[in-house]
Amino acid sequence: MGRTAVTLEINAQSCAFDLDNRTTLLDALREHLGLTGTKKGCDHGQCGACTVLVDGMRMNSCLLLAVALDGAQIITVEGLSSDAALHPVQQAFIDHDAFQCGYCTPGQICSAIGAITEAASGWPSAVTPQERPLGPVPLTAPEIRERMSGNLCRCGAYVNIVNAVTEAAEAVGEAAR
Amino acid sequence: MKTFRYERPADPAAAVTLVAGTPGARYLAGGTNLVDLMKLGVETPELLVDVSRLPFGEVEETDTGGLRIGAAVRGSRLAAHLLVRERYPALSQALLSGASAQLRNAATIGGNLLQRTRCLYFQDVSKPCNKRRPGSGCPAREGAHRDLAVLGASEHCIATNTSDLAVALAALDATVHLTGPAGVRSLPLTDLYRLPGDEPERDTVLRHGELITSVELPPPPHSARSRAPLMVYRKVRDRASYAFALVSVAAVLDVRDAAVHEVRLAFGGLAARPWRAREAEQALQGRPATEEAFVEAVRTELSACRPLRENGYKLALAERLAVAVLADLAGQG
């Protein structure tokens, strides 16, 4: 009572837990696995610092109960690079100086990866013109601002974040072609 | 957060039985609102029954050319669904104007409809609130009520419903399908929600253990000349993105021979439920589709507004927004 056995696939590794039902995915990552790259900002789904990819979709890990995710595939900022090469979005954030204190950065990067995937899948945003033909949505600056609005940066690095995501979207698009 | 039991039953009947048999049980789907309220101590369930994996995840055409949307469909998927974008663009617009991308990826359609008010006093357990603790009082009337209701409120509660989705569904004549301990039933979406009266703790007419299984839309209206659906959702808020509506409007308008052939209008941000403007609709039916007629009809609807010290701006905002939306739609038809 009050505890549940849960298995999550985190950064391609199977992890079995016996968790207090109250444990959020965020706390499971940070407190139980020591994966402190994912940050706790507001802990109420308002700031986006805790953003991770759940079955490929960006979500606020602070609002997800880990018990409800049994069997899910989770990617955190620690799982993005491969063979010491940074993910194109990580590299773009460095190249464009897209942070100051860095606290929101892991969430910004995971969110940007989600945004690039969603736009490439043709998902519209609130600023996508209705009459636009179906198909991938180009990530213009207004599209990026709208799609990244769930990630706050109190240092105000937004200008460079938009530049980083613009370049990363092009890099990811070219890699896919 | 208070401790709780967690169950993930294999089928809807088992889920209903579990919740119906436990007074302190709640259904859990995306959890974006419920888990937050549990952290705040506003919700203290003893049992969470996870319905996110029940077979309510489909979007399908109905025999009559409408659309049936499973309650467990995530908001982002519904907003991007091709049938929704082609036939019900106002629904896609409403979903995309709400919350953030992360929240839309987690939150379900059923959960969106049952989200609780964002009234500050409701969310702060150190304050009185008639919705959270019946009889404790309503500090919002004298306090911070800039975002709160101007229509259909009571002396006990002036909370607003904050779902953008519900406003669009109200204008689209949606039906909500439910299952529960006494079997299945269906309601017009506009009848799902209650005005506060002297029972502000009850947001909806749902009985304990009832579960939303799907939302159904009738075929979309089309203009006589074009096949484009004549509908729009427009939202006014403090920020350009990721903020609740101060006022929003969902409208469907079909103008034929310069007269209003069909009109449906709903407001968000004004009341404890999406406000279907039936008086304005009646006033417009068959009338010339002119800005003067729109102004007159919308004023008739809003004459019932009872603003407080800080939320009177909503009247002018709602009037101008609705008139602008109707005029735009009339110009397109």
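Bear in mind these aren't lab numbers, they're just calculated from the coordinates by the rules spelled out. Computed from a predicted model, the values in this text were never measured in an experiment. Positions of Cβ are generated from backbone atoms using ideal geometry, with glycine treated the same way; all protein chains shown enter the neighbour counts.
Relative to the compact-globule estimate of 2.2 N^0.38 Å, the Cα radius of gyration of the range B:195-333 comes out at 1.15. Each residue of the range A:94-99 was assigned a 3J(HN,Hα) from its phi angle through the Karplus expression (A = 6.51, B = -1.76, C = 1.60, θ = phi - 60°), giving 5, 4, 9, 6, 8, 6 Hz with x at Gly and Pro. In the range B:134-268, the C-alpha radius of gyration followed by the widest Cα-Cα span (Dmax) gives 17.7, 56 angstrom. Each residue of the range A:118-134 was assigned a 3J(HN,Hα) from its phi angle through the Karplus curve 6.51 cos²θ - 1.76 cosθ + 1.60 (θ = phi - 60°); the sequence is 5, 5, 5, 7, x, 5, x, 10, 5, 9, 6, x, 4, 7, 4, x, 5 Hz, with glycine and proline shown as x. Here the ratio of the Cα radius of gyration of the protein assembly as shown to 2.2 N^0.38 Å is 0.97. Classify chain B as rounded, prolate or oblate, taking a ≥ b ≥ c as the square roots of the eigenvalues of its Cα gyration tensor: rounded when a/c is under 1.5, otherwise prolate if a/b is larger than b/c and oblate if not. In terms of gyration-tensor shape, oblate.
Over 23 Å between Cα atoms, which of B:2/B:127; B:127/B:235; A:39/B:131 qualify? If you can, show how the numbers build up before the last one.
On the way: B:2/B:127 19 Å; B:127/B:235 30 Å; A:39/B:131 33 Å.
As for pairs spanning more than 23 Å Cα to Cα, those are B:127/B:235; A:39/B:131.
Sparse packing (at most 12 other Cβ atoms within 10 Å of the Cβ) combined with a DSSP loop state is found for none of the GluC sites (Glu not before Pro) in the range B:204-285. Mean partner shielding of peptide A:54-65, defined as the number of other chain Cβ atoms within 10 Å of each residue Cβ, is 6.
Would you please name the GluC sites (Glu not before Pro) within the range A:96-177 that are DSSP coil residues with at most 10 other C-beta atoms within 10 Å of their C-beta? Kindly include the intermediate steps, with their values, before the conclusion.
Numbers: sites: A:118, A:131, A:143, A:146, A:167, A:170, A:174; in loops: A:131.
When the GluC sites (Glu not before Pro) of the range A:96-177 are filtered for loop state and at most 10 Cβ neighbours within 10 Å, A:131 remain.
For residue B:213, the residues 5 or more places off, or on other chains, whose built amide H falls under 5 Å of its own are B:177, B:178, B:179.
For residue B:27, nonlocal amide neighbours, meaning residues 5 or more places apart or on other chains whose placed amide H falls under 5 Å from its own, are B:49. Applying 1/(1 + (r/R0)^6) with r as the Cβ-Cβ distance of residue B:14 and residue A:32 and R0 = 30 angstrom yields a FRET efficiency of 0.50.
For a Förster distance of 51 Å, can you work out the FRET efficiency between the beta-carbons of residue B:262 and residue B:306, rounded to the nearest 0.05? Efficiency computed from Cβ-Cβ geometry: 0.95.
The tail of the calculated P(r) for the range A:1-129, taken as Cα-Cα distances beyond 20 Å, holds 45 percent of the pairs. Residue separation of residue B:328 and residue B:222 scaled by 0.36 nm, minus their Cα-Cα distance, works out to 36.6 nm of gained length. As a rough footprinting exposure proxy, the listed residues B:138, A:15 were ranked by other beta carbons within 10 Å of their own, and the order from fewest upward is A:15, B:138.
Could you give the length gained on full extension between residue B:142 and residue B:2, defined as 0.36 nm per residue of separation minus the Cα-Cα distance, in nm?
Here the answer is 47.3 nm.
Around the amide H of residue B:260, modelled in the peptide plane, lie the amide H atoms of B:286, B:287, B:289, all under 5 Å away and 5 or more residues distant in sequence or on another chain. Using the Cβ-Cβ distance between residue B:40 and residue B:61 with R0 set to 35 Å, the FRET efficiency works out to roughly 0.30.
Among the GluC sites (Glu not before Pro) within the range B:1-89, those in coil by DSSP and having at most 11 neighbouring Cβ atoms inside 10 Å are B:58. Simple spin-label estimate for residue A:12 and residue A:159 gives 3.8 nm between the two label positions (7 Å along the Cα-to-Cβ direction from each Cα). Rounded to the nearest 10 degrees, the angle from helix B:313-332 to the longest Cα principal axis of chain B is 60 degrees.
When the dipole is taken about the Cα centre of the range A:3-79, and only Lys, Arg (+1) and Asp, Glu (-1) are charged at their Cβ, what size is it in debye, to the nearest 20?
Computed charge dipole of the range A:3-79: roughly 220 debye.
Take each residue of peptide A:120-132, count the partner chain Cβ atoms within 10 Å of its Cβ, and average: the result is 4.
Other protein chain C-beta atoms within 10 Å of residue C-beta, averaged over B:242-255: 1. Where q = 0.19, 0.20, 0.27, 0.28 Å⁻¹, what log10 of I(q)/I(0) comes from the Debye formula for the range A:3-79, counting one point per Cα? These q points yield log10 I(q)/I(0) values of -0.68, -0.76, -1.46, -1.56. Per-residue Cβ neighbour counts within 10 Å put B:38, B:1 in the sequence B:1, B:38, beginning with the fewest.
Shown in residue order for the range B:291-302 are the 3J(HN,Hα) couplings computed by the Karplus curve 6.51 cos²θ - 1.76 cosθ + 1.60 at θ = phi - 60°: 4, 4, 5, 4, 4, 4, 5, 5, 5, 4, 5, 7 Hz (x for Gly and Pro).
For chain A, what does the relative contact order come out to in percent, with C-alpha contacts under 8 Å and a separation of six or more?
Details: 296 pairs, mean separation 38.5, N = 177.
Here the relative contact order equals 22 percent.
When each of B:235, B:127 is scored by the number of other beta-carbon atoms lying within 10 Å, the sequence from fewest to most is B:127, B:235. Cα centroid separation, the range A:102-177 to the range A:52-77: 20 Å.
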